[in-house]
Every structure is written in C-alpha cells, then in structure tokens.
Amino acid sequence: MEKEVMNFNTDAAMDVKSIPSELFRKKENNENLHDQAFETKPISYLRGAFMRFAKNKASIVAAIVIGLLILYAIIVPFVSPMAYVNETEYPNGFKDPNFAYALPYNPVNKALNLGWWDGTEVKTGQGNIDLEMYELDDSNHSPIAEKIATVQDEIAGKIQTHYTLRIDSYSIGCKEINVSMDEYDRLVAYEKEQGIYHTEKSIMKPLRDYESYLQRYGDELREEIRVAEEEGRQAPVNENGVIAILDYLETYYNQHQRVWYELGARNYSQNNFAIRHDASNKVIPIYEMNGDEPVYAKENLGKMTIRVDYYDYFTFHNGFEPRFFFGSNSAGEDIFYRLAVGTRFSLLLGVGISIINFIIGLIWGAVSGYYGGTTDLIMERITDIISCVPSIVILTIASVQFTNNAGLKTTIGQEGIIVLAFLLAFVYSGWVGVAGTTRMQFYRFKGQEYVLASRTLGAKDTRLIFRHILPNAAGTLVTSSVLMIPGVIFGESTLSYLGVVNFSTSGLVSIGSLLNEGSRATLNAYPHMLFFPCVVISLLMICFNLFGNGLRDAFNTTLRGSED
Amino acid sequence: MKQKKKEIETEDIILEEEKKPLDVSNASSDDELVLESDRPFLERLGRGFVNFWRNKSTIDTLKYIGKRLLLMVLTFGIVFILCFILVRLLPINEDTGMGDPEKFKLSMVAKGVYRRIDNGDGTYSYEMIPVFLQFINFFKNLFSGTDHPFGYSYKIEWLSSPADILGGRLAPTVLMNIYVMIVSVPVGLGLGTFMALRKNHWEDHVLSVLIMLVISVPSYVYAFVLQYLFGYVWQVLPPTAASSTVGYTSPTYFVSIILPVLSMCFGSIAGYARYTRAELTEVLTSDFMLLARTKGLTRGQATVRHAFRNSLVPIFPMILGEIIGVLSGSMIIESIFNVNGVGGLYLKSIETQDYDVFQFVSMFYIFIGLVGTLVVDVSYGIVDPRIRMGGGK
C-alpha cells in the first residue's frame, strides 16, 4: 500500500517536470479560482459494478456460455420436429424403439468424412455371416460405411475370417410392420408420385415368406436322413437335430428382419448358417411370390402387413429424418431434444428454488440479525437443527408419502409430485445459507450511525429493516444467491441420478434423470448417453461458478478474490 | 555434534528464545539450554499436555466443549424425533416378497408398531399402535436389551438388524476414504504451497484455473470418465469394485477400488490446494514474515518454519473433520463403482423402501455430521490459542 503511494508521488513529481513551461501562466490578482465542474457523468453503483464485471473476461465468457445453454434449453423444445409428432401415436413424447441406442450423428462430420460423431461405429470380429447379412441388405441404405480390415486366423485347423467393419447405426434395414389402410394408400400414392413404386428404390419391399421356406428346408433335411438310412449310412443329423435347426433358423429370421434369403445349416450345426445359392451361384430369395410377381402387401385383420425400408418409411411417416445429433437412448428417444427439455427443467428448478430460498432466508436472517439476543439464539438453534437433516432424507420421505397419497396424485399428477418433492427437499434447508449471510450483514449495519439517527427520528423496525439496512446488504445477498443456483442444479442432478425420485412414469426429464438412464444402459457400450448430459452439467456448474464469482467481485470490491 | 547443529539451526534458537518467556514455569532446572526440538517426542507431548492443563483458559475450553456437547445431544434428539415420526408415518407394505408375512407381523409386534389381538378362535388379528406410543415402545426396547432395538431389515437382509448390516458395510467405505485422504492431503497441501510461493506467476494462474474447473465439475463426471477410459477402453483397471469375498485388504480389492478413490481425490485435492493457497498467501503477507526475513532467514526457511505452520491452523481442523467423515460413504461414487459400502447401503434402503435401515443409516449420517462439526469447532480453539472459544461478540 505504502509502496504504491510512493510510486504515485514520484510519478507525479516526474509529471510536473515534464509539463512544458508554456502551459503555465501567471495568476491575476483579482481572478477567482474554482474547481472545474465535472464534465463526465457520475458513475452509479450499478454502472461501476457492471464496468468491473466487464473487465473480468472469464466471467463474460461464462455469462455467454450460460446464455447459449439457456437459448438451447428454450429454443430446441420448440423448434425440434420431435416436439410436434402425433400425440395419439406417441403419448409420452417421441420415441421409436427401432432406433434405440442410435449413435450421435453430426451432419458436418458426415460430410467431411471424419469418421467420428457421424452415427457410425467400428465393429471388430465380425464373421462371414454378419458381413453377408450387411452386404446382402435389400434396403435403400447400406449399413456398411467402410470395410476396415480383414483378419484370417486358424482355430482348430479351420481358417476363419473376421472383419472389422464400420457400421452405420441408422441403417437398420427392413422391417415388417402393420399399417392402417389409409396409411397404406397414402404410402402407395407417395411412391407413385415419386416414381419409385415397386422399384429398386421403393420404400415398400417384397414380403418374406420364411415359414414355407423352413418347411421346404425341413423336408430337404428329412429326405437326406431317409436316403442315408436306405443306403445304410450314418445320417448326418437325426429328427431332433432337424427340429433344433429349424427352431434356430426361425428365431434368426425373426430377429434379423433384414435377412431375405435362404439360409442353411453349415455342417448341420444348429447355430452356424450359410447362405444358399442356386446353380448359377445367385442368392435364393425367400420373397413371397404370387406367380412370378413378388407380394408387397397382405391384408391382415383390417390392416396391411408390409415390409418397408424403415429409415425411408420413418421419414415418410413422421416428416423428418431419424437423425439424432446426440444419439438416442434405450427407448429410441432423441437425447438432443430431451437434454434441452432436461436443462430447461433443471434451470427452472434451480432458479425457482433459489428465489424461494432467497426470500425465506432474507426474512429469517433479517429478523434474527436485527433483533439479536434471545430471538437470535433461538432462531439460530432452529436453523442448526434444520440444516443437519440431509435433503435426501426429506426427498425420500416426501416422494414416498406423496406417491402413496391418491388424492394428491390425481390433483397434481406424477409431474406435480416430483416437482413438489424437490421443492420441499431443497427449500427445507436451502435457505439456511442465505439467512446466515443476511444475519451477518444486519449485524454489520444495524449499529451504524445512520440507523441510530433514523431510529431517533422515530422510525419503526420494519422501516429500519427494509428502507435502511436491507438496501445496503442487497449487493452481497443477490450475488451470493446467484451462487446458490448451481448448488441446487447439482443437488437435483445427484438425487435424480441416484434414482431417489422416479422420473420414468412421468413426462418430466432432468439432467439427472438422463444421467440415470445413461448409467442403466451400460457405459461401456453406449458412452454417448452419459457423455452429453455430463458435458452440459459440467458447463453449467463451471459457468455459474465463474459468473457468480465475477458478480461477487464486481459488487463487493472488498471481497475480491477472497474465495476464488 | 550439538555445536554443529546449533550453528546450522540458529533460527531455531531464536524461535525458542521467542517462546522462552512463556516456558519459564516448565524450564528445566539445569542451566544448560535444551532445545525443545531436542527433547524426545513423548516428553514434548507430555509437557504440552501439562501446559494445556495448567492453562487458565483450559477450564473455559472444557466448559465450551461441554456446552457444545449438550447442544449436540439436544439437536440430535430433536432430529431423531422428527425422523422417527416422519418415517413411521410412511405407508407400511406388508407384502415384502422376502419371507413369511406372519413373521413380518410378529416382528412389527416386537418393534412395538403392531398390537396382536387374540380373536379367540386360534387366529390373531393385528392393529397399528399410534406413533406416539410407538415412540415410547422404541425406548422401552432400546433399554430393555432386546436383540433388535433398531428394528428389522425387510428387503436387504430379511429380518436382520440394521446396525449389523451397517457394521458389515463400514469396512470398504472407511478403507476408500482413508486412501483418498492419504493421497489428497499431501498432494493438496503441496500444490497449495507451490501455488502460494509462485503467486502471480504462470504456474499459479494455470493451476488456479485448473482447480476452479476441477472444483466445479461434479465428481460423478470424473467417475464416468475414469471408469470408461481405464475400465473399458484401455482395460488397465477393473471398472467396478471386486466382490467382498476377496477380502477388503487383499491386493485384488485394492486394485479394484483405485478408480473410485481417484475420482474422489480430484475434488478433494483441489479443495485442499485452494484452501492452502488462500491461507498461505495471507500468512506470507503478514508482518511476522517480514520480521523473519529481516532476521536473515532465507525465503524457503521462513516459509516452511513460520508461514506453513501457521497456515495449517485452519487446515488442520478441516482434515480432522474429514477423518470423522471417513465413516460416511459417497452414495454416488459407491453406486457407480458398485462398492458394497455405507453409501450403497443407504441408496439401496431408499430404492427398496427398507424403512428401518433407511432411518438407521440416516441417523448415522446425521450423527457423523454433528460430531464432525463439533470436533472441527473445538479443534480450532485448541490448535490456535488466538481463537477464544465461545467468546462473546
């Protein structure tokens, strides 16, 4: 401090010497010398605080990031096509289990062919059957984005080939679905309009008829057994073996709806299949045929059974392409959309609870700090008792109690119960911190002369509190309550992550419940489900802390840097 | 030998001379100057103890501790009553799906929740007792020495005592927290000291930003990142904790809890470093440091002998508090890494709605929290005599 003053003095001395002499003039005797009026406007407290805040680059960046996250949370739920899907078809928001665990897809990365964040994944150790299944896909979108490596190794004298493939997780091939007659007519009209009706590129693909193929194949195997027995040879497989093979094949066809060709047991093994080819080495299809024409649709109980390229059908049906920027979860819901909704919920909860806590804490702290003495002692004991019960206890008891209260459930619904339980858990002891800060501020100001003066003039307690003391403490209190928001968001995400509150049956989403979903799916297989919520919550915590610290430094110059 | 030592540690003598007036009552009868640091450790401890009891303020300290203890018991009692009533008001689900419903009802009778009524025809019906009477029954059970004073677990371990279950889960939690402390206290203090010494240099700026980031990011994010990278992608460490059958002290178990320990360390290290830096920079700018430098101590000597010791004053209670806290496990880390500890038990009791266990573990956590604050507050005064305990405003 002293050093600074000295520096200043020597600087001033230097300055005087360096001023050119022509700037000095003699003072006339009758001349009145006055201080010049300030030409600049005085800087108000708020403006000064803002200027100090603007100097803090980290806080500015943090404020911008918070702004972007808020924009994301507000805009995406309104703009996303997922928000406008048919409500009768998707009562709890958009979801399509066929696209479960789809990987994050960024169109820019796809266009630049970067190989990451483009909806593809590298699968190693893929056998022949996998490769052929992917290669012989009759849908419009090839699942193999890239064939990376082929490894041949010898196991027990047999040479086996393994492939490393880059698979597009959105190319899920063809599916057999039932649609209403109206939908079918619209689809046919659409295809005719596009000129793709019953062509290579059509959305509808010929139906499969693997049941009759399995019967044919079973007959073939039994014929082989019969011939072998007639010739007195050892039959390659017995009747039980045939049944097992057919069972296995049927399951395989059921599970892999993209397979549209004949499969046969390799070496009569139950679970090792090979594609069967005809004499001219062509793959034999198992399309359902009506004479020479493949069958595209079949009526079934007033609905049409069709086999469609699911990606194209989805685009036709919903009006948008199934591409998920942050991937999708186990139910096939878009994480980008849900994360925006969850961030909105978490932010609203954080801000709302902080405001409530602020008001309660302010009143409590004001009374306790202003009156002091026994009042203060009793009130302090009460806050002591309140603050030593963790919010998890309150949340657990509240959510169980509310969920079992049928009357409450019908009036405010499952969503209301969750929000109410969170409110109770965080408001219960959240205000204690604000009360403490307010109390300290009151102790600081209540003994000062201007308060005494006002009291002498007959001001009442409420006037002293609200007109004289509180405005002085406002800066400290407001900035400290900004730092409460990340605390609430963190607490909420932790408790929802732990599953203390059950989000699954309600339409609500929070960042914590997304983390919970992500950890229930295995982290190993689908890291994207945890990655994006983690990034958002980390950004929120970092930026709110930086922003809050910046605000505190700007408003309370005396505290600068004391706690950063 | 002694001569040489005296030459080297001149400033030690100065230090002792500073203290000398205080030590008059205990000064040894022989004229030879005996350095305090030359005395055996036990003797020093003993002298400190004697000093402590001769001190006038000791009585005040004891009074203060007594007052705080009483308050603690009172607070705990009120919180216990609150929790007891709230938990007992929760709806009872008789179908636990674990064992005989009749046994469930009998255990409820033993707990003093149900009353058994003889119907006269060999069957019994059960009736619920009001919560207030349940509370009295609880105390009767507690002091009459029944084997289940704290109720029964119905979901986690059929009809066993919550206290026994908790006891069985303490080992991994305590072990993990101790490992965390062993790593984070030295590293955190070291980093903080380094930053304070290099204050306003680039190292300090870089580390300050890093520490701010590390403190802000929730610990479960580290847990996920570590688990994914080390456990799944590189596969160098087991992604989840080993089962308790391998023994908690075995090397296998140690290796398997490296990841949870690491993910808890980040925040802890950052916290210690930030605190040490703040304290040390404050001490480094105080007047007695200037005096120490004027006496001719090098910067390093002055820092280690004068500044560092003094900066430990507020940090030591913090460490003490953490030592008490080793009993309470982190729910989130234990659930991510599947550690069979106290936090995991707490979470499981919430998930399965095993009320007696939930209540017992809740009270356990609250008790540890209360004892922790008490110890921290009291140790402040003991470590630093400048702080008057329970002093007025």
### Task
Return yes when A:Ala58 is over 22 Å from the mean Cα position of the chain (by Cα), at negative phi and part of a helix (DSSP H, G or I) and no when it is not.
yes
#### Entry: Within segment A:463-514, tally of residues that are in contact with a Pro (Cβ under 7 Å, 6 or more places away or on another chain) and under 16 Å from A:Ile363 (Cβ atoms)
0
### Query
Is it the case that some residue within segment B:256-276 is within 11 Å of another protein chain (Cβ to nearest Cβ), out of contact with any His (no Cβ under 8 Å at 6 or more places or on another chain) and at pLDDT 90 or above?
yes
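Residues checked against (1) in contact with a His (Cβ under 6 Å, 6 or more places away or on another chain); (2) aliphatic (A, V, I, L, M); (3) open to solvent by less than 70 Å² (accessible area, probe 1.4 Å); (4) not in a helix (DSSP H, G or I):
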site: A:Ala111; (1), (2), (3), (4): no, yes, no, no
site: A:Leu114; (1), (2), (3), (4): no, yes, no, yes
site: A:Lys123; (1), (2), (3), (4): no, no, yes, yes
site: A:Ile129; (1), (2), (3), (4): no, yes, yes, no
site: A:Met133; (1), (2), (3), (4): no, yes, yes, no
site: A:Ser139; (1), (2), (3), (4): no, no, yes, yes
site: A:Lys147; (1), (2), (3), (4): no, no, no, yes
## Note on the structure
Here the residues within segment B:308-338 that are β-branched (Val, Ile, Thr) and open to solvent by 10 Å² or more (accessible area, probe 1.4 Å) are B:Val313, B:Ile319, B:Ile323, B:Ile324, B:Val326, B:Ile332, B:Ile336
#### Entry: Filtered residues of segment A:87-104 (kept if in contact (Cβ under 8 Å) with a residue 40 or more places away in the chain and out of contact with any strand residue (DSSP E or B) (no Cβ under 6 Å at 6 or more places or on another chain))
A:Asn92, A:Gly93, A:Phe94, A:Lys95, A:Asp96, A:Pro97, A:Asn98, A:Ala100, A:Tyr101, A:Pro104
### Task
Filter segment A:437-462 for residues that are within 14 Å of chain B (Cβ to nearest Cβ), part of a helix (DSSP H, G or I) and open to solvent by 30 Å² or more (accessible area, probe 1.4 Å) and give the result.
A:Arg439, A:Met440, A:Tyr443, A:Arg444
## Note on the structure
Counting only residues that are loosely packed, with under 15 Cβ neighbours inside 10 Å, assigned to a helix (DSSP H, G or I) and within 11 Å of chain A (Cβ to nearest Cβ), segment B:219-246 contains a total of 2
### Message
Conditions first: (1) over 19 Å from A:Val308 (Cβ atoms); (2) of a type outside the set (Val, Ile, Thr); (3) open to solvent by 30 Å² or more (accessible area, probe 1.4 Å). A:Leu165 passes all but one, so which condition is the exception?
### Response
(3)
### Query
Failed condition for A:Arg186, given (1) modelled with pLDDT of 85 or more; (2) open to solvent by 80 Å² or more (accessible area, probe 1.4 Å); (3) assigned to a loop (DSSP other than H, G, I, E, B), with all others met?
(3)
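Would segment A:498-509 turn up any residue that is assigned to a helix (DSSP H, G or I) and either within 11 Å of chain B (Cβ to nearest Cβ) or on the phi < 0 side of the Ramachandran plot (or both)? It would help to see each step written out before you state the result.
Taking segment A:498-509 and keeping what is assigned to a helix (DSSP H, G or I), we get A:498.
Right, trim to either within 11 Å of chain B (Cβ to nearest Cβ) or on the phi < 0 side of the Ramachandran plot (or both) and you get A:498.
Checked against the condition, which is being assigned to a helix (DSSP H, G or I) and either within 11 Å of chain B (Cβ to nearest Cβ) or on the phi < 0 side of the Ramachandran plot (or both), segment A:498-509 yields at least one hit.
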### Query
Restricting the search to segment A:544-559, which residues are at pLDDT 85 or above and open to solvent by 10 Å² or more (accessible area, probe 1.4 Å)?
A:Phe544, A:Asn545, A:Leu546, A:Phe547, A:Asn549, A:Leu551
### Message
Tell me whether segment B:288-297 contains one or more residues that are assigned by TED's automatic domain parsing to the domain that holds B:Val209 and under 20 Å from the mean Cα position of the chain (by Cα).
### Response
no
### Message
Step by step: first the residues of segment A:511-529, then only those that are within 11 Å of chain B (Cβ to nearest Cβ) and more than 17 Å from B:Leu226 (Cα to Cα), then the one that is most open to solvent (accessible area, probe 1.4 Å). Which residue is that?
### Response
A:Asn516
## Note on the structure
Matching residues in segment A:371-415 (more than 8 Å from chain B (Cβ to nearest Cβ), touching a residue at least 40 places away in the same chain (Cβ under 8 Å), open to solvent by less than 20 Å² (accessible area, probe 1.4 Å) and on the phi < 0 side of the Ramachandran plot) number 4
### Query
Considering segment A:189-200 alone, what residues qualify as being surrounded by 12 or more Cβ atoms within 10 Å (Cβ to Cβ) and either acidic (Asp, Glu) or touching a residue at least 12 places away in the same chain (Cβ under 8 Å) (or both)?
A:Tyr190, A:Glu191, A:His198
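From the list A:Ala274, A:Ala340, A:Ala244, A:Ala279, which one is assigned to a helix (DSSP H, G or I), among the small types (Gly, Ala, Ser) and within 23 Å of A:Arg222 (Cβ to Cβ)?
Only one candidate passes the filter, namely A:Ala244.
The values are calculated or read from the model by the stated rules, or taken from the named source; none is laboratory data. Values in this document were obtained by computation on a predicted structure and should not be read as measured data. Heads up, the Cβs are rebuilt from the backbone with ideal geometry, glycines too, and the neighbour counts pull from every protein chain shown. Accessible surface is based on the protein model in full, side chains and every heavy atom, while ligands, DNA and RNA are left aside. Shrake-Rupley method; radii C 1.70, N 1.55, O 1.52, S 1.80 Å.
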